[in-house]
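Nothing in this text is a laboratory measurement; each read-out follows from the coordinates by a stated rule. Here the structure is a predicted model, which means the values were calculated and not measured. Cβ coordinates were reconstructed from backbone atoms using ideal geometry, including for glycine residues, and neighbour counts include every protein chain displayed.
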Amino acid sequence: MGHIKEFHKRRTEGNNKVLELDFLPFKRFFALDTRCYEDGAIPSKYKELMGLSCSLVLRCNDCVIYHIERSIAEGASRDELNEAMNIALVIGGSIVIPHLRLACEVIDEILK
């Protein structure tokens, strides 16, 4: 199974479990997370690229995959993705490299 298909299966199942709890603070956080990436003074594409950079530094592979998909859906080019990932590498250092490798595989998977 590819990175993307595996991610979507795991994410959907996990989100369903969390939301089935019907716990208001969880629902509020999910809504906040969704809304903060909407167009505003900063366009959604750039917010997703920021999310990608932060996710690489924080070493969250699920978040890396999510923000790559969303960045591409919002029109980010490979060069824009590379620059965003380079910022993460400079800020996070060599610990980011394994996650950068995954990110490159995921981008190739999506763009093929």
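Check the chain for me: any Cys whose beta-carbon has no other cysteine beta-carbon within less than 4.7 Å?
That list is Cys36, Cys54, Cys104.
Quick one: helix 24-35 against the long Cα principal axis of the chain, what's the angle to the nearest 10°, folded into 0 to 90?
40 degrees
I'd like to compare 16-28, 37-49: which one has the highest average count of other Cβ atoms within 10 Å, and what's the full order after that?
37-49, 16-28
Hey, how much of the P(r) for the chain falls beyond 17 Å, as a percent of Cα pairs?
Numbers: 3502 of 6216 pairs.
For the chain, the share of Cα pairs beyond 17 Å comes to 56 percent.
Can you return the lysines within cross-link range of Lys45? Criterion is Cα-Cα under 25 Å, with same-chain partners fewer than 8 residues away left out.
Straight-distance partners of Lys45: Lys5, Lys9, Lys27, Lys112.
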